[in-house]
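Laboratory data are not the source of any read-out in this text; all were calculated from the coordinates shown. In this text the structure is predicted, and so the values were computed from the model without any measurement. Neighbour counts are summed over all protein chains in view; Cβ atoms, including those assigned to glycine, are modelled from backbone coordinates with ideal geometry.
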Amino acid sequence: MTLSKDFLWGGALAAHQFEGGWDQGGKGPSVIDVMTAGAHGVPREITKTIEEGKFYPNHDAIDFYHRYKDDIAMFAEMGLKCLRTSIAWTRIFPRGIEEEPNEEGLKFYDDVFDELLKHGIEPVITLSHFEIPLYLAQEFGGFRDRRLVDLFEKFAEVCFTRYQDKVKYWMTFNEINNQMDTNNPIFLWTNSGVTVEEGENPKEVMYTVAHHELLASAKAVAIGKKINPDLQIGCMVSHVPIYPFSCNPDDIMASEEALRQRYFFADVHCRGEYPTYALKEFEREGYNINITEEDKEILRNGTVDYIGFSYYMSTTVKSDVHNDNTGDVVNGGLANGVENPYISASDWGWAIDPVGLRITLNRFYDRYQLPLFIVENGFGAIDEVEADDSIHDAARIDYLRKHIEQLELAVNHDGVDLLGYTPWGIIDLVSFTTGEMKKRYGMIYVDRDNEGNGSMKRLKKDSFYWYKQVIATNGEDL
Ligand code: BGP
């Protein structure tokens, strides 16, 4: 089994989850800066404004802002070929509406990218990873407002222009499709700066917001290609394959329908037009989404170059089941979601399904025939530090090894065009859904707890040495 010598082995992070320095260097607050830590299983609270005395874990995160040189040196020691992270919109435009970008913010990313490139690590950048300026959420209602399309395009244009010689691979919106789960308010808030008001139809709001984001993404792609045709600009979706519980055709149809919710955003990003099933849904449900002829033209002219996606788990549906607890991760947020008897789950209920990654790669490649990039995959777990500072994270290694085996099969056996693999949280960082530190993904441990205590010391886990060997042998030695 061999992967191309250019295969991008890396790690994935997001600015708000690891940078810290939330109000430094002229940065403004973002929608995630007003979210408190949640307890295990309890969703994070959205305070909508910074409240005195509350703990906001993202404010300091793991303080990469001040420690980036040392952290990047560790990434280099691991042999990373690329690092996927995001640019915090609020470092560049603190309120999202300024005429001129914040030079100090632009300079910070210049310094980070230069440091990465000095070590031969290529930055792979997401423009919007749950970091919309809070001002735009408070004053504009987030992406409900069409004006955000042009504000986002301007932010993208500034980034493409400034970093075009340092960054080739870009993505527009992180996991744009997870806001489909309107039962969980966290997603619309973090993805789009939106809350649903009493009396509104959450799905109709979500589709309106989605339309504006799809336009913003398409305009960003078009301007990026104009600035520099060599830039590769992709989308980023979260994929969860949805299996039928049985060979009962009703279960199969139920899984097909549920999958449309997963594919909807990628369908528009890749094909440049709305899929028929969505247009039918708007008509059937009476949703009033304002899609003009000019909008259609924008979507057609802004299709993506590749598909970045996250893969953590699969889910299963059964046609004759109806759950009331649709926000629950075990049933994938689906009313007809059930547990899959063939696979186990992490402590947070995330199903562990390596073959699901191969299925996902094949389905995406068949559906769109575009290069793919696995930009998130990983295992959130509690790690124990031994007396000698070692950390034996065998379960994480096992999870990653099995997923890499499947991606290699997808490439070598099935012929999928895969650009790279960046496991989530190469260094421990704040968990997105819970706001906790104890749900750890990293191969580098960070001494910090859920309450914000700890020395911030970095330690190498067993997975650090294991992944270093995987990269050094280009995936041969797992
Ligand atoms: C994805 C997000 C990441 C991330 C990851 C793991 O949804 O893109 O930002 O954190 O999931 O989720 P969590 O941290 O909640 O375990």
Region 8-472 - charge dipole about Cα centre, Lys and Arg +1 at Cβ, Asp and Glu -1, debye rounded to 20:
920
If you count the DSSP beta bridges with both ends in the chain, what percent of them are antiparallel, to the nearest 5?
20
Using label points projected 7 Å from each Cα along Cα→Cβ, tell me how many nm separate residue 36 and residue 363, to one decimal.
3.8
Reachable lysines from residue 225, criterion Cα separation under 29 angstrom, eight or more residues apart if same chain
5, 27, 81, 107, 118, 154, 166, 168, 296
For residue 227 and residue 201 in one chain, what is 0.36 nm times their gap in residues minus the Cα-Cα distance, to one decimal in nm?
5.4 nm
Would you calculate, for the chain, the mean residue ellipticity at 222 nm contributed by helices, counting each DSSP H stretch of 4 or more residues as -39,500 (n - 2.57) and dividing by all residues, to the nearest 500?
-12000 deg cm²/dmol
With a ≥ b ≥ c from the Cα gyration tensor eigenvalues, square-rooted, and the rule rounded for a/c under 1.5, otherwise prolate when a/b > b/c and oblate otherwise, region 120-185 is oblate
Sort 139-151, 193-205 by the packing proxy (mean of other Cβ within 10 Å over each peptide's residues), most packed first.
139-151, 193-205
If a/c stays under 1.5 just call it rounded; otherwise compare a/b with b/c (prolate if a/b is bigger, oblate if not). Do that for region 26-158, with a ≥ b ≥ c from the square roots of the Cα gyration tensor eigenvalues.
oblate
Need the C-alpha centroid separation for region 247-315 versus region 338-390, integer Å.
23
Would you mind classifying region 8-472 by shape? Square roots of the alpha carbon gyration tensor eigenvalues, ordered a ≥ b ≥ c; an a/c under 1.5 is rounded, otherwise it is prolate if a/b is larger than b/c and oblate if not.
rounded
Step through the residues of region 454-463 one at a time and calculate ³J(HN,Hα) from phi using the Karplus curve (6.51 cos²θ - 1.76 cosθ + 1.60, θ = phi - 60°), rounding each to whole Hz and writing x for Gly and Pro.
x, 7, 6, 4, 9, 10, 8, 8, 4, 4
Mind sorting 300, 440 by how few other Cβ atoms lie within 10 Å of their own Cβ, fewest first?
300, 440
From fewest to most C-beta neighbours within 10 Å, the residues 314, 463, 346 line up as 346, 314, 463
Which residues in region 448-471 have a backbone N closer than 17 Å to a point placed 7 Å from the Cα of residue 70 along the Cα-to-Cβ line?
448-449, 453-461
Once you have the Cα-Cα distance between residue 139 and residue 438, take 0.36 nm times their residue separation minus that, and quote the gain in nm to one decimal.
104.2 nm
Write out the GluC sites (Glu not before Pro) in region 259-325 meeting two conditions: DSSP loop, and at most 15 other Cβ atoms within 10 Å of their Cβ.
273
If 270, 235 are placed from fewest to most neighbouring beta carbons inside 10 Å, the sequence is 270, 235
Tell me, in nm to one decimal, what length is gained between residue 339 and residue 395 on full extension, where the rule is 0.36 nm per residue of separation less the Cα-Cα distance?
18.0 nm
Estimated inter-spin distance, residue 323 and residue 5, nm [label 7 Å along Cα→Cβ]:
4.8
If I model a spin label at residue 114 and residue 24 as a point 7 Å from the Cα along the Cα→Cβ vector, what separation in nanometres do I get?
1.8
